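Written below as C-alpha cells is the structure these notes are about.
The values are calculated or read from the model by the stated rules, or taken from the named source; none is laboratory data. All of these numbers come straight from a predicted model, not from anything done at the bench. Heads up, the Cβs are rebuilt from the backbone with ideal geometry, glycines too, and the neighbour counts pull from every protein chain shown. Heads up: the accessible areas ignore ligands, DNA and RNA and are worked out on the full protein's heavy atoms, side chains in. Shrake-Rupley method; radii C 1.70, N 1.55, O 1.52, S 1.80 Å.
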Amino acid sequence: MVAVKNICCVGAGYVGGPTCAVIAYKCHHIKVTIVDLNQQRIDAWNSDKLPIYEPGLEEIVFDRRGKNLFFTTDVDNAIKEADLIFVSVNTPTKKTGLGAGMAADLAYVESATRRIAEVATSSKIVVEKSTVPCRTAESMRTILDANATKDICFDILSNPEFLAEGTAIKDLLNPDRVLIGALQTDQGIAAQNALAEVYKNWVPEENVITTNLWSSELSKLAANAMLAQRISSINALSAICEATGADVDEVAYACGRDTRLGSKFLKASVGFGGSCFQKDILNLVYLSTQLNLPEVAEYWKQVYTLNEYQKKRFVKKIISTLFNTITNKRIAVLGFAFKKDTGDTRESAAITLIKDFIQENAHVAIYDPKVEREQIYMDLIEPSILDSREQVEKSITICPSAYEAAKDADAVVIVTEWDEFKSNELDYQQIYDNMHKPAFLFDGRLLLDAAELRKIGFKVHIIGKNELAGTA
Ligand code: NAD
Ligand code: UDX
C-alpha cells in the first residue's frame, strides 16, 4: 500500500476548504493543495478574510497556510504533483434540460475528472467527495480508464462528506464516522486503505467505515434524506400542535426521549434550508424515478413538499395575523442565513419569506450578523418579478442591527436562530418601544419565551405553539 504524501483538492468551497484544511492541520507530513478555477475565491483563501465563515476555521488555516497547506488556481500542477485527489466541486440541481429541477448537475464533476485524466503523469487515487447520485463513480472511472496507460492507473473511491455548516470544524475534527467506498478488488481495497490511513491520523479506527462504492454513494443521499425527513415530520406535527394546543417542543422532547428515536433533528422550524437537503432529496427522487420506483420517489418527494408547505404556512400566518394585509407595512426579518453560525444563504427560508412579503407590497428590513449585503441583493433578484438590484433596493433595507431593523416595524420575524436573538441577549423591551402597535412577533425558530414577551406587550406567534393559550 502506498502512503499518501501529496493531496490535491479540486474545489475550494464549503467542503473542500475546511475538509482539506483539517487534513493539513492533522497531517503535517502531507502536502495539501486546494485548487479552484475561481480566482477571487482562491485570493480570499490566501488573505486575512477567508471566503467562508466557520467557527474555528481561521485558526486552522492560518496555522498551516504556507507550510503544508496551499491555495492556488494552478489546477494542472497540483493534479500532477498529487498522489490522491479529492473532487469536491459543486453538484447543484440542474436548471435546464433532462431532469431539470430534480437531477444533480454533474458537469463540474465530469470536467474535473476529465482534467485529472488529461494532465496526470503518474498514477492517482481519485476520491469522489462531492455528493453525487449512486453509480456516478462508474462514469468517472470510465473517463479515467480511457486515459490510463501501462504506467498511469487510476483508482476511484467514494468518500462523502458529512460535515454540517456552522459546526464544520468540530464535525471534521471529531466525525461520527468517515465513510470510504471502493471497488472490492485488491487494487480498490489498497486505495481504500491508503485513504483510511490518512484519516487514522486523528479519527479512531472504529469510526472509519469501509463499504463498496455504491453503498457509500447512496449512504450520503440516504443520511441527508433521513435527517430532512425528521425535520419535515416534526414540522408536520407543528401544524397539528398549532391547531390543537399541543406544544411542539414538548412533543419533540417526549418523542426524543425514546432512545430508538433520539432527540436530535427534531427542532420544528420555518423549514430547512442549506445547499444540501433539498438538492439531495430531489436527487434521490430523480434516482428513484429513473429506477422505475415511483412509490419510492413519491415517498421522498413528500419530505420536500412538506418543507415548502411549512414556509408558505408561516407566511400565511403572518399575513392573516396582520389583518390580512401587509401592504406598506414594515416587516423586520431577523436572520438571513439558512442556520446560525454561517454566512451561507443557499436555500435559506428567509429568501422565500422575504420574496413573498415583497410580493404583498411590504417593506422588509433585514438584519443578519454574518451575511454580506451583496449576497442579500443577489438572492432576492428574481427574473420578471424583481429584475434588478435597484428594484430589490426599493423593497428592502439592510440594517446594521436587530434594533435598527425593528424600528417602526409592524412585525418582527425571526428566521435564523442566531444566539444574539435570544430573549436574554436582545433587549426586547427596547424593540417593543420602537415598534408600531400592536407589535407582532413571529418566531420561526422556537427561540423565544412567549410568556415573557407577552408581558412586554407583544402579540406573539411561535411555530408549533398555540398562541390562544397565552394571549388575553
Ligand atoms: P461550493 O460551491 O462552495 O464549492 C465548489 C467549488 O468548486 C467552487 O468554488 C467552484 O468554483 C469549484 N469548481 C467547480 N468546478 C471546478 C473545476 N472543474 N475545477 C476547479 N474548481 C471547480 O460547494 P460546496 O458547498 O463545497 O459543495 C461541494 C460538494 O460537497 C457538493 O457536491 C455538495 O453537495 C457536497 N457537500 C456539501 C456540504 C455543505 O455543507 N456545503 C456538506 C456535505 C457535502
Ligand atoms: C446537512 C447535514 O446535516 C450534513 O450532515 C451534510 O453533510 C450537509 O447537509 P447543513 O445543511 O450544513 O448540513 O446543516 P444542518 O444542521 O443539517 O441544517 C440544515 C437545515 O435544517 C437548516 O436550515 C437548519 O436550521 C434546519 N434544521 C436542522 C431544523 O429546522 N431543525 C432541526 O432539528 C435541525
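For the pairs Lys49/Lys311; Lys49/Lys422; Lys95/Lys370; Lys67/Lys150; Lys407/Lys459, note any where the Cα-Cα span goes beyond 24 Å. Don't skip to the answer; put the middle values down first.
On the way: Lys49/Lys311 33 Å; Lys49/Lys422 28 Å; Lys95/Lys370 28 Å; Lys67/Lys150 34 Å; Lys407/Lys459 16 Å.
In this structure, Lys49/Lys311; Lys49/Lys422; Lys95/Lys370; Lys67/Lys150 lie more than 24 Å apart at Cα.
Along the principal axes of its C-alpha atoms, what lengths does the chain span, in descending order and rounded to whole Å?
Taking the Cα atoms of the chain, the three principal extents are 79, 47, 44 Å.
Taking the 0 to 90 degree range and rounding to the nearest ten, how far is the long axis of helix 213-244 tilted relative to the main principal axis of the chain, both from C-alpha atoms?
For 213-244 against the chain, the angle is about 10 degrees.
Per residue, what accessible area does the chain have, given a 1.4 Å probe and all protein chains present, in Å²?
On the way: 21120 Å² over 472 residues.
Per-residue accessible area for the chain comes out at 45 Å².
Please list the non-local residues whose amide H lies under 5 Å from the amide H of Cys153, H modeled 1.01 Å from N, same-chain partners needing a gap of 5 or more.
Residues meeting the criterion, in which the H sits 1.01 Å from N, are Ser123, Lys124.
What are the trypsin sites (Lys or Arg not before Pro) within the range 35-76 that DSSP puts in a loop, where the Cβ has at most 14 other Cβ atoms within 10 Å?
Details: sites: Arg41, Lys49, Arg64, Arg65, Lys67; in loops: Lys49, Lys67.
Passing sites in the range 35-76 are Lys49, Lys67.
Taking the C-alpha atoms of the range 6-203, how large are the radius of gyration and the largest Cα-Cα span, Dmax, in Å?
16.1, 46
Considering only the other residues whose Cβ falls under 11 Å of the Cβ of Phe421, what net charge follows from Lys and Arg at +1 and Asp and Glu at -1?
Working: positive: Lys340, Lys422, Arg445; negative: Asp368, Glu417, Asp419, Glu420, Glu425, Asp443.
Spelling it out: positives minus negatives among the neighbours equals -3.
About the Cα centre, and with charges only on the beta carbon of Lys, Arg (+1) and Asp, Glu (-1), how big is the dipole of the chain? Nearest 20 debye, please.
Working: 52 positive and 63 negative charges, 99 e Å.
Roughly 480 debye, rounded to the nearest 20.
Place the peptides 181-191, 329-339 in order of packing, highest mean first, counting for every residue the other Cβ atoms within 10 Å and averaging per peptide. All intermediate terms of the calculation are to be shown ahead of the outcome.
On the way: 181-191: 17.2, 329-339: 25.5.
Final packing ranking: 329-339, 181-191.
Going by Cα centres, the range 88-140 and the range 327-386 are how many Å apart?
Comparing the Cα centres of the range 88-140 and the range 327-386, I get a distance of 31 Å.
Which far-off residues, 5 or more places away or on another chain, put their amide H under 5 Å from the one on Ile366, with H placed in the peptide plane?
Amide H neighbours of Ile366, under 5 Å, 5+ apart: Val333, Thr397, Ile398, Cys399.
Write out the trypsin sites (Lys or Arg not before Pro) in the range 96-135 meeting two conditions: DSSP loop, and at most 14 other Cβ atoms within 10 Å of their Cβ. Please report the intermediate quantities before stating the final value.
Details: sites: Arg114, Arg115, Lys124, Lys129, Arg135; in loops: Lys129, Arg135.
Answer in residue order: Arg135.
Just going by the charge dipole of the range 1-160, with Lys and Arg at +1 and Asp and Glu at -1 on Cβ, which of Met140, Gly11, Phe62 is farthest out on the positive end?
Met140
How big is the charge dipole of the range 364-465 about its Cα centre, in debye rounded to the nearest 20, if each Lys and Arg gets +1 on its Cβ and each Asp and Glu gets -1 on its Cβ? It would help to have the intermediate numbers written out before the result.
Details: 12 positive and 20 negative charges, 98 e Å.
Here the range 364-465 has a charge dipole of around 480 debye.
Could you tell me which residue out of Ala194, Leu380, Ile319 lies farthest along the dipole of the chain toward its positive end? Charges go on the beta carbon: Lys and Arg +1, Asp and Glu -1, centred on the Cα centre.
Ile319
Residue farthest toward the positive end of the dipole of the chain, with Cβ of Lys/Arg at +1 and Asp/Glu at -1: which of Ala104, Val460, Val22?
Val460
Counting Lys +1, Arg +1, Asp -1, Glu -1, what net charge surrounds Val315 among other residues with beta carbon under 9 Å of its beta carbon? Intermediate results must be reported in sequence, preceding the final value.
On the way: positive: Lys311, Lys312, Arg313, Lys316, Lys317; negative: Asp356, Glu360.
In short, +3.
Do the sum for the chain: with -39,500 (n - 2.57) for every DSSP H run of n ≥ 4, divided by all residues, what is the mean residue ellipticity at 222 nm, to the nearest 500 deg cm²/dmol?
On the way: 18 runs with 204 residues, N = 472.
Dividing the helical sum by the residues of the chain leaves -13000 deg cm²/dmol.
Output ³J(HN,Hα) for the range 115-124: one whole-Hz value per residue in order, computed from phi by the Karplus curve 6.51 cos²θ - 1.76 cosθ + 1.60 with θ = phi - 60°, and x for Gly and Pro.
4, 4, 4, 6, 9, 4, 10, 8, 5, 9
Take the solvent-accessible surface of the protein heavy atoms, probe 1.4 Å, and return the percent of it on the chain that carbon and sulfur atoms account for.
On the way: 10770 of 21120 Å².
Here it works out to 51 percent.
Lys and Arg at +1, Asp and Glu at -1: add these up for the other residues within a Cβ distance under 12 Å of Thr73 and post the number. Show your work: numbers first, answer last.
Details: positive: Arg41; negative: Asp36, Asp43, Asp74, Asp76.
With Lys, Arg at +1 and Asp, Glu at -1, the net is -3.
Taking the Cα centre of the range 6-203 as the origin, how large is its charge dipole in debye, to the nearest 20, when only Lys and Arg (+1) and Asp and Glu (-1) carry charge on their Cβ atoms? Could the numbers behind the result be given before it?
Numbers: 20 positive and 25 negative charges, 14 e Å.
I would put it at about 60 debye.
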